[in-house]
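K.L.:
Could you have a look at this structure, given as structure tokens, before my questions?
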């Protein structure tokens with residue numbers, strides 16, 4: 001079993017929906033507010049980890065970070081994944097400046113360290129032991145900065161349906177659609193939710209987010225399926241916003 005390791009690839013899609021929908025009521029991009037949220041990872045019916053997300057404002061940049069700490073049976077695994085993106089919101093849109101990720105072990109096979117040079121339109125660094133040096137397509141994001149990019153679109157009254165994210169020396173495309181509504185019982189109480197579906201182009205895995213309008217559209221449940229099998233689920237535990 002590799003519970004923590006198996007959920008790492010899904011984390012970008014999950015945190016994308018959290019930060020995007022949690023701030024959908026803001027009036028403009030310069031009104032982004034710091035927040036913290038925690039979620040329980042459920043794997044095969046067991047709570048194996050807690051993921052914490054944090055958004056901070058530092059002068060003219062923003063720092064968005066995530067970390068996962070094991071719980072219960074998850075403690076037998078060595079992984080302690082962390083991600084951090086430093087970015088700037090400009091008139092040209094969101095521009096990631098520096099992105100780092102690691103799984104908390106001595107191995108470098110999941111480590112990422114990317115520098116974004118928007119003056120020369122290139123991204124360089126290391127992505128899971130692969131050297132990266134390639135042109136930047138307009139609007140390209142890392143696994144965390146994409147969340148802020150979506151916020152800016154929503155605040156402008158637009159609803160983006162696809163995103164390009166760096167993946168080693170290429171990019172990957174995610175598409176989002178709305179599927180319906182459902183009322184859920186959560187640690188925050190019973191909440192009416194809207195269901196969103198996310199899928200990477202060409203992937204058999206589908207991730208669904210149950211987002212609560214009364215809580216600023218923060219996802220209260222997240223579930224990933226491959227075919228008809230639920231691979232993992234996540235449940236909100238707490239939310240704090242400035």
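The values are calculated or read from the model by the stated rules, or taken from the named source; none is laboratory data. Model, not experiment: these values are computed from the prediction. In this analysis, Cβ positions are derived from the backbone assuming ideal geometry, glycine residues included, and neighbour counts consider all displayed protein chains.
K.L.:
Which residue pairs have Cβ atoms closer than 9 Å, lie 6 or more positions apart in sequence or on different chains, and pair a first residue in the range 54-72 that is in contact (Cβ under 8 Å) with a residue 24 or more places away in the chain and on the phi > 0 side of the Ramachandran plot with a second residue that is part of a strand (DSSP E or B) and surrounded by 17 or more Cβ atoms within 10 Å (Cβ to Cβ)?
P.N.:
Pairs found: 72/48; 72/49.
K.L.:
Give me the pairs: first residue in the range 89-108 and surrounded by fewer than 17 Cβ atoms within 10 Å (Cβ to Cβ), second residue part of a strand (DSSP E or B), beta-carbon distance under 7 Å, and six or more apart or on different chains, which are they?
P.N.:
none
K.L.:
I would also like to ask the following. Output the number of the condition that residue 161 fails; it satisfies all remaining conditions of (1) at pLDDT below 85; (2) more than 19 Å from the chain's Cα centre (by Cα).
P.N.:
Of (1) at pLDDT below 85; (2) more than 19 Å from the chain's Cα centre (by Cα), only one is false for residue 161: (2).
K.L.:
For the condition more than 17 Å from the chain's Cα centre (by Cα), under 21 Å from residue 95 (Cβ atoms) and either surrounded by 12 or more Cβ atoms within 10 Å (Cβ to Cβ) or modelled with pLDDT under 85 (or both), what is the one hit in 134, 151? Don't jump to the end; show me each part of the working.
P.N.:
On the way: 151 fails: more than 17 Å from the chain's Cα centre (by Cα).
Selected residue: 134, the only one of 134, 151 that is more than 17 Å from the chain's Cα centre (by Cα), under 21 Å from residue 95 (Cβ atoms) and either surrounded by 12 or more Cβ atoms within 10 Å (Cβ to Cβ) or modelled with pLDDT under 85 (or both).
K.L.:
Whether any residue in the range 39-51 is more than 26 Å from residue 173 (Cβ to Cβ), modelled with pLDDT under 85 and out of contact with any helix residue (DSSP H, G or I) (no Cβ under 9 Å at 6 or more places or on another chain) is what I want to check.
P.N.:
There is at least one residue in the range 39-51 that is more than 26 Å from residue 173 (Cβ to Cβ), modelled with pLDDT under 85 and out of contact with any helix residue (DSSP H, G or I) (no Cβ under 9 Å at 6 or more places or on another chain).
K.L.:
Please indicate, with yes or no, whether at least one residue in the range 89-102 is closer than 23 Å to residue 242 by Cβ and at pLDDT 95 or above. Working first, answer last.
P.N.:
Of the residues in the range 89-102, the ones closer than 23 Å to residue 242 by Cβ are 89-90, 94, 96-97.
Subsequent filtering for residues that are at pLDDT 95 or above retains 96-97.
Yes; the residues of the range 89-102 include at least one that is closer than 23 Å to residue 242 by Cβ and at pLDDT 95 or above.
K.L.:
On to the next question. Which of the residues that make up the range 44-59 are crowded, with 21+ Cβ neighbours inside 10 Å, under 20 Å from residue 231 (Cα atoms) and under 15 Å from the mean Cα position of the chain (by Cα)?
P.N.:
Initial filter on the range 44-59 (crowded, with 21+ Cβ neighbours inside 10 Å): 48-49, 51, 53, 55.
Retained after the next criterion (residues that are under 20 Å from residue 231 (Cα atoms)): 48-49, 51.
Matches in the range 44-59: 51 only.
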